[in-house]
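Quick notes on the structure that follows.
Rule-based calculations on the coordinates, nothing more; no lab input. If you're wondering where the values come from, they're calculated on a predicted model, not measured in any experiment. Backbone-built Cβ (ideal geometry, glycine too); neighbour counts: all protein chains shown.
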Amino acid sequence: MEKIRRANLEDLRDIVEIYNDSIPSRIATGDLQTITVDSRLKWFQDRDHQHYPIWVIENNNQVIGWVSLQHFYGRPAYKSTAEISLYIGEKSRGQGIGKKLLEYVIAESPKLGLTNLLGFIFAHNQPSLNLFKKYNFQQWGYLTKLAKLDNIERDLIIMGLHLDYKK
């Protein structure tokens, strides 16, 4: 039985491990080398967890994926817009975990005062593009040859969703 909850510092090791699992595929992150828990400690501690949280999803008390929200662009006018980062552990991919996390984030975002969600997705990451499209995200931007992964220039698609809700 899966359970989604706010991440705590004790989850950081699992968060980093799941993130590192995604690096070799070259479809989910621009990082080319694995990261360490120490290198992510400041990232975890300095964030505004009240407005831009990190959630983990557990199965049998084991973290199998995570999703976070980041303040977009860092300026006050964009406070109600957040960028989504979503990662699933290698053994749990293809089992609907991404759907559960994305549904959860969409449902929770209005409670955080968010009106827009963004996903920055490599154009060759068809599973993530399909997932976001399924939840009515639309292509808001297309940046060509923005990244170089293993000497291959890659495009980045910005997927956006306006959250329509009544206060």
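Recomputing Cα Rg over 2.2 N^0.38 Å from the coordinates shown identifies the correct label among (i) 1.05; (ii) 1.18; (iii) 1.00 as (iii). Residues in segment 116-132 carry Karplus couplings, in order, of 9, 10, 10, x, 9, 10, 4, 4, 8, 8, 4, x, 5, 4, 4, 4, 5 Hz; the curve used is 6.51 cos²θ - 1.76 cosθ + 1.60 with θ = phi - 60°, and Gly or Pro positions show x. List the aspartates and glutamates whose Cα sits under 12 Å from the Cα of LYS3, skipping any in the same chain fewer than 8 residues away. Straight-line reach from LYS3, under 12 Å: GLU58.
Quick check for you: which residues of segment 22-49 have the amide N under 16 Å from the point 7 Å beyond the Cα of ALA147 toward its beta carbon? Of the residues in segment 22-49, 22-35 have backbone N under 16 Å from the label point off ALA147. Computed 3J(HN,Hα) for segment 104-115, one whole-Hz value per residue from the Karplus formula 6.51 cos²θ - 1.76 cosθ + 1.60 where θ = phi - 60°, is 5, 4, 4, 5, 7, 4, x, 5, 8, x, 8, 10, glycine and proline marked x. With a Förster radius of 30 Å applied to the beta-carbon distance between HIS51 and GLU17, the computed FRET efficiency rounds to 0.70. Residues of segment 129-167 with the amide nitrogen closer than 20 Å to a label point 7 Å from the Cα of LEU32, along Cα-to-Cβ, please. Label zone hits: 144-157.
For segment 106-167, the list of chymotrypsin sites (Phe, Trp or Tyr not before Pro) that fall in a loop by DSSP and count at most 13 other C-beta atoms within 10 angstrom reads TYR165. Full extension of the chain between ASN116 and TYR78 gives 12.8 nm of extra length, using 0.36 nm per residue less the Cα-Cα distance. Simple spin-label estimate for SER25 and ARG6 gives 2.9 nm between the two label positions (7 Å along the Cα-to-Cβ direction from each Cα).
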